[in-house]
Structure formats: structure tokens, C-alpha cells
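Following: one structure in C-alpha cells, then a few remarks.
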Amino acid sequence: MSVKSKENLPWVEKYRPASLDQVHGQTEVVTTIRKFMQEGRIPHLLFYGPPGTGKTSTIVALAREIYGNSYRNMVLELNASDDRGIDVVRDQIKNFASTMQIFNRGFKLIILDEADAMTNVAQNALRRVIEKYTKNTRFCILANYAHKLNPALLSRCTRFRFSPLEEKAIKECVDNVVEKEQLKISEEAVAALLKLSEGDMRRALNVLQACAAAVDKGDEISIDMVYDCVGAPRPAVIQRVLESIMQDDWRTAFDTLKKAKQNEGLALVDLLHGFVEILAKYELKPKTRIEILDKFGEIEYAISRGGNDKIQSTACIGVIKSALENEDAVEV
Ligand SMILES: Nc1ncnc2c1ncn2[C@@H]1O[C@H](COP(=O)(O)OP(=O)(O)OP(=O)(O)O)[C@@H](O)[C@H]1O
Ligand SMILES: [Mg+2]
């Protein structure tokens, strides 16, 4: 792809790893796969794990290293936007897998992205196909959840779990993009970005790009901007509400909570999530902690079932107030 046409791509595509070296984190997976490749003994593969952790990137990078310019002839990519019924499995895969190669360049590769979205019938059909063409084809099955795949299919593949990426790995990529795109971003903003990404590199890059689009060229990306782009509540706001609940009288606490919801556009669940995180940093008696978390769980469930917002808000204040009554909360 030319440099010019790459300019307009979303950063997740622009900075998609071009080789296995550029896959960050996932070192064990990459090392093992590299070994398979060097020995020329690649088994059928299954990559599974949460979104944005490098499954598609890794197999595409591997295929590029193996096939180079003949990638197009040797690799078939099927993903979720395609029709995933039984016909696809029978026809498209069979056609590709059974065509003979003019020059014998080893096996062909079929990448089945988002395979957990395939119907069970299609998965069943697939296991026969895999067996039939093992002589000249390798399959790489990608999925978020291994348990949604047919066990017979699983047993034909060597499994690799892609874990949520460590902040260190995400930072390596973020730093690279910051440098290439000549961005200015504060250190605390990077730290917030890494935390909010929760191990998902795609999310990190998308949020970074959204922030970069929001600042004037040359200005620094701030921590508030990162929170805004993610739509996550700022810790300072949550902290203020929590403190008010702990220290102020009932009416003031309720008003503070209401204002936070109105002014910051927060939902009660956002506040609950925030409270849990902040309270994790407090030193509490185990009994108090259990009591709060247990009740929070009930409130969250009630909200998800469409519980009345005002009642759940007051319940939330009540839980914290009553649990902390005999407790001197100390921040660690
Ligand atoms: N380990 C990684 N190293 C470098 N970049 C990564 C990594 N993981 C993800 N990325 C970046 O995030 C983008 C999305 O990654 P990818 O498509 O590989 O995720 P995935 O695991 O296949 O997710 P999904 O389950 O949603 O399909 C890539 O384009 C790449 O820019
Ligand atoms: Mg993918």
C-alpha cells in the first residue's frame, strides 16, 4: 500500500503489525508460532481471546512472513461480514482448499475470523473439510470465545489464548503512534488511556485518534480529553460524590450525586463502577467491604432490570452510609 493511501486509514489499520516483530505483548504465542514456522510444521491453529488483542494481526503477519507476494493466492480470509452458513463452508472453502497449486509451495492457509459466530451445523461441516484437506491446507480459526466452538473442531487445532494486553505492551504501541503522528500528550493522559483500554489495543488506538482529532494541532492531549473520548467518568468527579456521601448529611449527599449525574452525564452504574474502584484503595474492615460490595451487586442488578433510578440512587447512598458508620476509612 502506498504511503499516501495509508494516510487516510484509521490508525488501527495504519499501524496494524506488518510482521510478527511488531506484535506487542503475546510473546509466548509469537515465540511458539515462530518456532512452528521455522520448522515448517504449522498445525491447524486456534486463536481465542478478547477483542483487540492481536489475533487477526498475528495470523495475517505470520501469513505475510510465510507467503510474501503470493499471499493472495495462498491465503483465504473469511470473516463475520460474510455469509457464514453451511454453503460457505461447503463451497468457498472447498473450492479454495481443493484447487491444486501450479508450483508446490507448501500448504495453503484458510483464516476463519470470528468463527464463534458460525452456526453449529457449519462448524460440523467444517471438521470434515479440515480433515479432508489437511494434506495441503492449514486452518487458522479465530474466535473470542473458545466455548462457543464445537469440541470436535477444537480438538483438531492447537490452541493459543490471547490475553488482554499488559499496559506495557499497549504503551509501546501508543508511544510509537505518538511519535509518528507527532502528538503531544501528557503523561497522566497516557496513563489514563492505558488503564481505560483494559487490555484492548484497538480501543487504545481509537481513543488516541479521537483525542488527536479533538485537539488543535500542536496542543497537548489532556487527561480530561481521554476520559471524554472514552465516555468514562473522571475519577475526581466520582471521588467528590463518594466523599460527599461519606461526610455530608443525607440531603447534601443526594444533591451532589444528582448534580454529578446531570452535569457530567453519568449514569448511576458509572458511579457504582467508580465507587468500587475508589473503595478498593481504601482500608476497610473486611466485613464492611463485603457488605458494600454485596449490596452494590444487588443495586447494579436492579438497575440492569430497569429499577427506578431514584430509588437505586438512594439505596446506594444508604449502603455506603450505613456500612461506614462505624468505620474510619483511611486511604492507602
Ligand atoms: N498485540 C498487538 N500488537 C500490536 N498491535 C496490536 C496488537 N493487538 C492489537 N493491535 C492493534 O489493534 C488492532 C486490532 O487488532 P486485531 O484485529 O488483531 O484484534 P483481534 O484480536 O483480532 O480482535 P477481534 O477479536 O475484535 O477480532 C490492530 O489493527 C492493531 O493495530
Ligand atoms: Mg480479529
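Assorted remarks:
- Test: residue in segment 111-128 that is more than 31 Å from the chain's Cα centre (by Cα), away from ligand 1 (no atom under 16 Å from the Cβ) and outside any loop (DSSP other than H, G, I, E, B): yes
- Leading residue by the ranking (farthest from Leu154 (Cα to Cα)) among those in segment 7-49 that are away from ligand 2 (no atom under 16 Å from the Cβ) and hydroxyl-bearing (Ser, Thr, Tyr): Ser19
- Subset of segment 19-36 [open to solvent by less than 60 Å² (accessible area, probe 1.4 Å) and out of contact with any helix residue (DSSP H, G or I) (no Cβ under 8 Å at 6 or more places or on another chain)]: Thr32, Phe36
- Members of segment 51-77 found to be near ligand 1 (Cβ under 7 Å from one of its atoms) and at negative phi, listed by number: Pro51, Thr53, Lys55, Thr56, Ser57, Thr58
- Enumeration of residues in segment 115-143 that are in contact with a helix residue (DSSP H, G or I) (Cβ under 6 Å, 6 or more places away or on another chain) and closer than 27 Å to His24 by Cβ: Asp116, Phe139, Cys140, Ile141, Leu142, Ala143
- Test for Ser322: is it more than 26 Å from Tyr227 (Cα to Cα) and either open to solvent by 30 Å² or more (accessible area, probe 1.4 Å) or modelled with pLDDT of 95 or more (or both): yes
- Those residues of segment 150-173 which are over 20 Å from the mean Cα position of the chain (by Cα) and either at pLDDT 95 or above or not in a helix (DSSP H, G or I) (or both), in sequence order: Asn150, Ser155, Arg156, Cys157, Thr158
- Check on Ala260, modelled with pLDDT under 95, part of a helix (DSSP H, G or I) and within 23 Å of Gly231 (Cβ to Cβ): yes
- Exclusive hit being open to solvent by 60 Å² or more (accessible area, probe 1.4 Å) and assigned to a loop (DSSP other than H, G, I, E, B), set Asp216, Asp228: Asp216
- Residues of segment 234-255 include at least one that is touching an Asp or Glu at 6+ places or on another chain (Cβ under 8 Å) and not in a helix (DSSP H, G or I).
- Residues that are open to solvent by 70 Å² or more (accessible area, probe 1.4 Å) and among the hydroxyl-bearing types (Ser, Thr, Tyr) were ranked within segment 282-309; the one that is farthest from Leu266 (Cα to Cα) is Tyr301.
The values are calculated or read from the model by the stated rules, or taken from the named source; none is laboratory data. Please read all numbers here as calculations on a predicted model, not as lab measurements. Because the Cβ atoms are built from the backbone with ideal geometry, glycine has one as well, and the counts that use them run over all protein chains shown. Remember, those area values only see protein heavy atoms, side chains included, never the ligands or the DNA or RNA. Shrake-Rupley method; radii C 1.70, N 1.55, O 1.52, S 1.80 Å.
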